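Take a look at the structure set out below.
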Amino acid sequence: MTKDELANLWQFPWPIMEVLIGGKSSIDLTELSIKSHDEAEAFLRAYGYDSTNPIDLKQIVTAKEEAIAFIQQLLLTPKEWQRGIKPPDEIINCEDPCLLLLWASNCDPNDRWRSHWACAILRVMHTIAHLEGVHRTIDMQAARAQIFARFQEYLKRDDEGRMWFGSPKARCELAAVEWKEVKSRNSIILKLLHKRDNVAETIYDYVGIRFITKNLSDAMLVVKLLHEHNIIVYPNAYPSRARNNLIDTQRFQTELEGLRQRLLAGTLSAEAFRMALVQLTIEAPDVVPTTSNPHSSTAYRAIQMTGRQLIKIPSARLEWLFKLAQGQPSGEPKLTSLIATVKDLVKHLPTAKDHKYDSAFFPYEVQILDLAAHQQAQSGDANHDRYKSSQVRAARKRVLSPVLETAKSALG
């Protein structure tokens, strides 16, 4: 090995090493290191796309167009776009993804506008690619329906219109239940763009339910009932995502046990016991929550749990396989031969008849808060508009910082 070969062997792409072993996200790279069209094609193949395949190519170009539209609509103002803070025409019109990778790798100062824009668009395209992968894995609407059905079974209204959660013998009155609306595609992309991992698998609230109790202590009763009715099965919970800045559980346990002992001893009536529970002031202490979401307001108080449910959807692939297998022979030799082949194929799939469903675990989020905390969330610092604005600022900075810095120098 020559000295040049030895030197090349020990020359490291340090920014990429930081991604592989240093915990840095790939979308935070400021440039790529792809030197030729062949390298770009090989990179795309390793990523999962063949740019020479018309179907793959169409997916990539569609993702590029969606990325540009997302940046224009959410990360830039109309005034900025009109001032010329937008991708060069050659990027907008480009249908060769290899060129995007080469432009993002170009360190020539004279081409930095195009380079910065190529990087920005690739960041969003990467996010869209991961989102597409998750959406192809499971039907979101089917997952939503199956998860919500488990909760709805135990939610009832009485003749007076009051809402109850649980069973007739063990239930809790609720102020309301809110079913999280389906996130728009842009909302999901925005959320991914401020996550360090930046992959769609790490979004846990595609499906969400919020319980609002009339008083603080009932929030703990909802947690218990969720467990007792196997709505949230604890082996399928995510302990790392459990949050509680609503109730001081240690104080609650101490005070509750004292009340229970008095109730059982007969020194406290059932009505007095209920009144004492309503009057308990057991809010969690004001501490900075250990949350991985920097956009969550410390003013938002809730119990939060994340579970996952096995979603089963009839397999269209197996359904058609069995329909073909049930076909009758005809006078056409080729068709008769095809039907015989399909029947033989099904016969040699010993588990196919028992597994006619595609299945996957799907995450969902449950939040529980009392009426006072909910009202504060609607009107105070924890309101959704503030949260969304924080997300937009973070995504704009992460995707467009080099573009905006260059624009500031060039356009003033």
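Given the options Ile85, Ile91, Ile68, Ile128, name the one that is outside any helix (DSSP H, G or I) and under 18 Å from Leu400 (Cβ atoms). Step through it out loud before you land on a result.
Numbers: Ile91 fails: outside any helix (DSSP H, G or I); Ile68 fails: outside any helix (DSSP H, G or I); Ile128 fails: outside any helix (DSSP H, G or I).
Unique residue meeting the criteria: Ile85.
Scanning segment 7-40 for residues that are at pLDDT 90 or above, in a helix (DSSP H, G or I) and not aliphatic (A, V, I, L, M) turns up His37, Asp38, Glu39.
Just one of the listed residues (Ile147, Ile34) is surrounded by 13 or more Cβ atoms within 10 Å (Cβ to Cβ), more than 29 Å from Ser390 (Cβ to Cβ), of a type outside the set (Asp, Glu) and touching a Phe, Trp or Tyr at 6+ places or on another chain (Cβ under 8 Å), and it is Ile34. Say whether the condition of being buried (at least 21 other Cβ atoms within 10 Å of the Cβ), in a strand (DSSP E or B) and of a type in the set (A, V, I, L, M) is met by at least one residue in segment 190-211. There is at least one residue in segment 190-211 that is buried (at least 21 other Cβ atoms within 10 Å of the Cβ), in a strand (DSSP E or B) and of a type in the set (A, V, I, L, M).
Working carefully through the options Tyr387, Tyr364, find the one that is modelled with pLDDT of 75 or more, in contact with a helix residue (DSSP H, G or I) (Cβ under 8 Å, 6 or more places away or on another chain) and hydroxyl-bearing (Ser, Thr, Tyr). Walk me through it before giving the result.
Numbers: Tyr387 fails: in contact with a helix residue (DSSP H, G or I) (Cβ under 8 Å, 6 or more places away or on another chain).
From the options Tyr387, Tyr364, the qualifying one is Tyr364.
So which residues in segment 269-283 are touching a helix residue (DSSP H, G or I) at 6+ places or on another chain (Cβ under 8 Å) and either in contact (Cβ under 8 Å) with a residue 40 or more places away in the chain or open to solvent by 90 Å² or more (accessible area, probe 1.4 Å) (or both)? Answer for segment 269-283, where residues must be touching a helix residue (DSSP H, G or I) at 6+ places or on another chain (Cβ under 8 Å) and either in contact (Cβ under 8 Å) with a residue 40 or more places away in the chain or open to solvent by 90 Å² or more (accessible area, probe 1.4 Å) (or both): Leu277, Val278, Leu280, Ile282.
On the given criteria, is Phe43 farther than 15 Å from Glu31 by Cα, part of a helix (DSSP H, G or I) and aromatic (Phe, Trp, Tyr)? Spelling it out, it is not the case that Phe43 is farther than 15 Å from Glu31 by Cα, part of a helix (DSSP H, G or I) and aromatic (Phe, Trp, Tyr).
Among the residues examined, Thr127 does not qualify as open to solvent by 50 Å² or more (accessible area, probe 1.4 Å), hydroxyl-bearing (Ser, Thr, Tyr) and out of contact with any Cys (no Cβ under 8 Å at 6 or more places or on another chain).
The values are calculated or read from the model by the stated rules, or taken from the named source; none is laboratory data. Source: prediction; values computed, not measured. Because the Cβ atoms are built from the backbone with ideal geometry, glycine has one as well, and the counts that use them run over all protein chains shown. For the accessible areas, the whole protein counts, side chains as well, though only heavy atoms, and no ligand, DNA or RNA atoms are used. Shrake-Rupley method; radii C 1.70, N 1.55, O 1.52, S 1.80 Å.
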